[in-house]
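Trainee: One structure coming up, written as structure tokens, with questions to follow.
Every number in this text was worked out from the coordinates using simple rules, so none of it is lab data. Source: prediction; values computed, not measured. We place every Cβ from the backbone using ideal geometry, glycine too, and count neighbours over all the protein chains shown.
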Amino acid sequence: MSINMDQKQKRKEQIFEAALQCFNETGFDKTNSETIAARAQMSKGGLFHYFKSKKQLFLELFQYRVNKYFEQMKSCLNAHDSADVRLRKLVTEAGKFLKKDEQFYKFCIEFLSMGVRDVEIRDIMTDFYKSSVATFKNIIEDGVISGSFEQDIDVEKTARVFYLLVMGVFFTYFSINVDFDIFEQQDFQTNRIINSMKKQQN
């Protein structure tokens, strides 16, 4: 990567961080480009050099951070671990990222809610769903092939169960005042699901 490309990427990351703060403070509709530019310490014209509109910035911010999320999730998995260990680690790490990057996940709440009326956002979220399910599905298939999991498991539906578990924790964490340890509950449910998948010893 050239120095100019490297500098451009760093500048975009600075804009993403500034935009994240602004969107979380006032929401998408009430945030204007001037405010984001000022927070990023640049002119409005400079901002539009990188992004054609506030909407494009909003969408690319989500996609950039989600791509980083998937990269980090994959880096925490060891291909030599058993399928059940990798599934537990994937769910646990998702919870850790939730606590570590609360500002981005708060941003995601608005992003998701806008998908109810915005087809473009809904399409992006559908891609996220498909990528998430595919990640779980690949691990479950490994478990079936290795003999760790029952052969008659519906891999697709089981992968969706894990996706819904992670998303359920995400929404609950930000939407209600829970009177229990939500991540302990997440581990409990994960273990119940995995134990039901394991091949029974005769």
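Trainee: What list of ³J(HN,Hα) values in whole Hz, one per residue of the stretch 48-62 in order, does the Karplus curve 6.51 cos²θ - 1.76 cosθ + 1.60 (θ = phi - 60°) give from phi, with Gly and Pro shown as x?
Mentor: These are the phi-based 3J(HN,Hα) values: 6, 5, 9, 9, 5, 7, 4, 5, 4, 4, 4, 5, 5, 4, 4 Hz.
Trainee: Continuing with the same structure: For the chain, set up a GNM with springs between Cα atoms under 10 Å and report which of VAL119, VAL155, VAL66 has the largest fluctuation.
Mentor: Checking each option, the largest mean-square fluctuation is seen for VAL119.
Trainee: Additional query: Distance between Cα centroids, the stretch 153-175 to the stretch 112-137: provide it in whole Å.
Mentor: Cα centroid of the stretch 153-175 versus Cα centroid of the stretch 112-137: 13 Å apart.
Trainee: By average Cβ neighbour count within 10 Å, what is the ranking of 74-83, 129-138 from highest down? Before the final figure, lay out each step's value.
Mentor: On the way: 74-83: 12.0, 129-138: 16.7.
Per-residue mean Cβ counts within 10 Å order the peptides as 129-138, 74-83.
Trainee: Ok, one more. How much length is gained if the chain between GLU120 and ALA134 is pulled fully straight, taking 0.36 nm per residue apart and subtracting their Cα-Cα distance, in nm to one decimal? Spell out each step's value before the answer.
Mentor: Working: separation 14, 0.36 × 14 = 5.04 nm, distance 2.13 nm.
Separation in residues times 0.36 nm, less the Cα-Cα distance, equals 2.9 nm.
Trainee: Give, rounded to the nearest 20 debye, the magnitude of the charge dipole that the stretch 100-188 has about its Cα centre when Lys and Arg contribute +1 at Cβ and Asp and Glu contribute -1 at Cβ. Could you put the intermediate results ahead of the total?
Mentor: Numbers: 8 positive and 17 negative charges, 56 e Å.
Dipole size: approximately 260 debye.
Trainee: Tell me, what ³J(HN,Hα) does each residue in the stretch 116-127 have, in order and in whole Hz, if you take phi through Karplus 6.51 cos²θ - 1.76 cosθ + 1.60 with θ = phi - 60° and put x for Gly and Pro?
Mentor: After applying 6.51 cos²θ - 1.76 cosθ + 1.60, I find 4, 10, 10, 5, 5, 5, 4, 5, 5, 5, 5, 5 Hz.
Trainee: Using amide H atoms built 1.01 Å from N in the peptide plane, name the residues 5+ places from PHE149, or on other chains, whose amide H lies under 5 Å from its own.
Mentor: Close amide H contacts, sequence-distant or interchain: VAL144, LYS199.
Trainee: Under unit Cβ charges (Lys, Arg +1; Asp, Glu -1), what dipole magnitude, rounded to 20 debye, does the stretch 1-159 have relative to its Cα centre? Working shown, then result.
Mentor: Values: 25 positive and 24 negative charges, 162 e Å.
Using Cβ point charges on Lys, Arg, Asp and Glu, the stretch 1-159 gives about 780 debye.
Trainee: Convert each backbone phi in the stretch 86-102 into a coupling constant with the Karplus relation 6.51 cos²θ - 1.76 cosθ + 1.60 (shift: θ = phi - 60°), then list the ³J(HN,Hα) values in order as whole Hz, x for Gly and Pro.
Mentor: 5, 5, 4, 5, 4, 5, 4, 5, 4, x, 5, 5, 4, 6, 6, 10, 4
Trainee: Rank LEU90, GLN9, GLN72 by how far each Cα sits towards the positive end of the charge dipole of the chain (+1 on Lys, Arg Cβ; -1 on Asp, Glu Cβ) and give me just the farthest.
Mentor: GLN9
Trainee: Divide by every residue of the chain the summed helix terms, -39500 (n - 2.57) for each DSSP H run of at least 4, and state the resulting mean residue ellipticity at 222 nm, rounded to the nearest 500 deg cm²/dmol. Show your work: numbers first, answer last.
Mentor: Working: 9 runs with 160 residues, N = 202.
Rounded to the nearest 500, the figure is -27000 deg cm²/dmol.
Trainee: What order, most packed first, do the peptides 171-182, 5-16 have when packing is the mean number of other Cβ atoms within 10 Å of each residue? Mind dumping the intermediate values first?
Mentor: On the way: 171-182: 10.3, 5-16: 13.9.
Output ranking for 171-182, 5-16: 5-16, 171-182.
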